[in-house]
Every structure is written in C-alpha cells, then in structure tokens.
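Remarks on the structure that follows.
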C-alpha cells in the first residue's frame, strides 16, 4: 500500500510541472508568431501629379514616377489634378504603396509683370 501511495504522489508531483511547462510553451509560440509579421511602414513624399483616378495616383519626383493605390480611406485635401504639387503620406506593404492622405499645395498667385 505504501508503494502505491508513493507512486501516486510521484505521478502527481511530476504531472503538475509538466502541464505548466506545456502551457507556457504554447503561449510563447503564439506570441512569437505574431511578432514575425512585418510591420507596415509609413512614409511621406511629394511631387507633381502626372495622373490621377479614383483608384491610383502617379506623381513625378525628379525624373522618377511613383504610383500609389488610392482607396476609400485615403484622405484628400485640396484640388488634386494633373500638374498640382502634392504631398502624399503612404504605407508600404510588399511592393504596393497605398496612399493614406494626399494634400495638394495651394496654387501660388501669379506675379504681375511690371
């Protein structure tokens, strides 16, 4: 009887730490999986509008064209049309640049010639 009691106590004593260790390991796996997802990077740039539509915006910055995805959540400030100077805040996810806000610079008043 004493041997059976000792065996039962030993089995319980070993199973409690094993259960706690197993629960801890699964919690670490799920948190490390979430940490492996790449963060979405946020950037800002400016240039001259080459073309604009409901779903895209192409600006020229120096000699390089940059194309942005425009969606319903993109905030637009000012008149965004071809030739306008704009500042674009955007996020990158892979190779896509998604505009989060587009701000058109106000047109400079024409200076009268003397």
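In plain terms, the residue of 6, 103 with the fewest other Cβ atoms within 10 Å comes first and the most crowded comes last, giving 6, 103. Using a cutoff of 8 angstrom between alpha carbon atoms and counting only pairs six or more residues apart, the relative contact order for the range 41-104 works out to 36 percent.
Computed from the coordinates by the stated procedures, all read-outs in this text should not be read as laboratory data. Keep in mind that what you see is a predicted model, and the values were worked out from it rather than measured. Reconstructed Cβ throughout: ideal geometry from the backbone, glycine too, with neighbour counts over all protein chains shown.
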